[in-house]
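What follows is a set of notes on a single structure, which appears directly below.
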Amino acid sequence: MAELRRAVLTGVGTYLPERVVSNDEMAERVETSDEWITERSGIRQRHFAGPHESAAFMGAAAARGALEMAGVAGAAVGAIILATSTPDQSFPATAVHVQAALGAMNAFAFDLAAACSGFIYALSVADGMIRAGQVENVLVIGSEVYSRILNFADRGTCVLFGDGAGAVLLQARAVAADGPGILSTHLHADGTQAEILYVDGAVGQPDRPGHLVMNGREVFRQAVSLLAGAVSEALAANGLRAEDIDWLVPHQANRRIIEGVGRKIGIPPERVVVTLERHANTSAASIPLALGQAVGDGRIKPGQLVLLEALGGGLTWGSALVRM
């Protein structure tokens, strides 16, 4: 049987800021309660970054964990793709600071902005580079400091987000058709829906640095159908059914969205990785954080089929199917 060149996930690493912020602590800052937040989102706590915990700092820490698991040195990395909506600077890219921190001086590095879908987008770009033979080892990172763009006068959004970073190492491998690696990725966007989830400013506007703005009701309405469609697309592209999937690792935005997608596509709750109770919505970092936890605690095992999906501002959304 002929072998295929695939991007195989060989390492995963995570980083969460030192400061843990409970719902009760949030209730001291805005008019809300633990019960209100938990009932509507499933979130009980989140992590907020300290002054030293930038997107680059957290991304580098997560990347070190991925490299350590894979047994790969920084010098062997050929590319670093960092998905973030909260970069340290408008330029240079946060990814180049990670490159320097890792001593990955043989890698090219760049940021990718697709909001909460950023990790799926970055995974797809890395997969294409590896399949094309452009690079052998790629670090894909999601790192976010949303606490710095939250409007704490808006209780409907500020309680939903947290900070953190997750990373995976993808390595080019020749494998059999039923072997490990990224099987397919599926990306979408709809700019006509940009006004339902956005930041009302930019790094380059000192008088308007920007806060996150979200129409939660409309995002929820769009999310379940679009995410279920992206998941079904991945299954169809690979000739699979929902029962063939070992684990669904969704973007950790809201428990109701996660449960709604699971019901719509027929994946039961016991095969869905959920971490938002402890992490909240960490945007582009949420999937690798959840993946890292499930790999670390032994739920996700080599050979299993893992389906990833996310939706974010743009709107952007997508899915990826990976055999571990």
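None of the figures in this text is laboratory data; all of them are computed from the coordinates on show. None of these values were measured; they are calculated from a predicted model. Using ideal geometry, Cβ is built from the backbone for each residue, glycine included, and neighbour counts are taken over all protein chains shown.
Net length available on complete extension from residue 4 to residue 237 is 82.2 nm, with 0.36 nm assigned per residue and the Cα-Cα distance removed.
Put in order of Cβ neighbour count within 10 Å, fewest first, the listed residues 46, 217 become 217, 46. Sorted on the mean count of surrounding Cβ atoms within 10 Å across their residues, most packed first, peptides 256-264, 119-127 read 119-127, 256-264.
For a modelled paramagnetic label at residue 20, 7 Å from Cα along Cα-to-Cβ, the residues of region 34-54 in reach, with backbone nitrogen under 14 Å, are 44-48. Since only 280, 257, 268 are under comparison, the one whose Cα sits farthest along the positive direction of the charge dipole of the chain, derived from C-beta charges on Lys, Arg, Asp and Glu, is 268.
Structural descriptor for region 181-323: relative contact order 37 percent, calculated from alpha carbon pairs under 8 angstrom and at least 6 residues apart.
Each peptide among 267-274, 284-291 gets the average number of other Cβ atoms lying within 10 Å of its residues, and from highest to lowest they stand as 284-291, 267-274. Run the simple label-point estimate for residue 176 and residue 301 please: 7 Å along Cα→C-beta, distance reported in nm. With each label point 7 Å from Cα toward Cβ, the separation is 1.8 nm. With neighbour counts taken as other beta-carbon atoms within 10 Å, the residues 26, 324 rank, fewest first, as 324, 26.
Taking every DSSP beta bridge that has both ends in the chain, the antiparallel portion is near 75%. Placing +1 on the Cβ of every Lys and Arg and -1 on the Cβ of every Asp and Glu, with nothing else charged, gives the chain a dipole about its Cα centre of roughly 560 debye.
According to the calculation over all Cα-Cα pairs in region 4-175, the P(r) per 5 Å bin from zero is 1, 10, 17, 19, 17, 12, 9, 7, 5, 2, 1, 0 %. Given the alternatives (i) -0.39, -0.63; (ii) -0.33, -0.53; (iii) -0.25, -0.41, log10 I(q)/I(0) by the Debye sum over Cα atoms at q = 0.07, 0.09 Å⁻¹ as computed for this entry is given by (iii).
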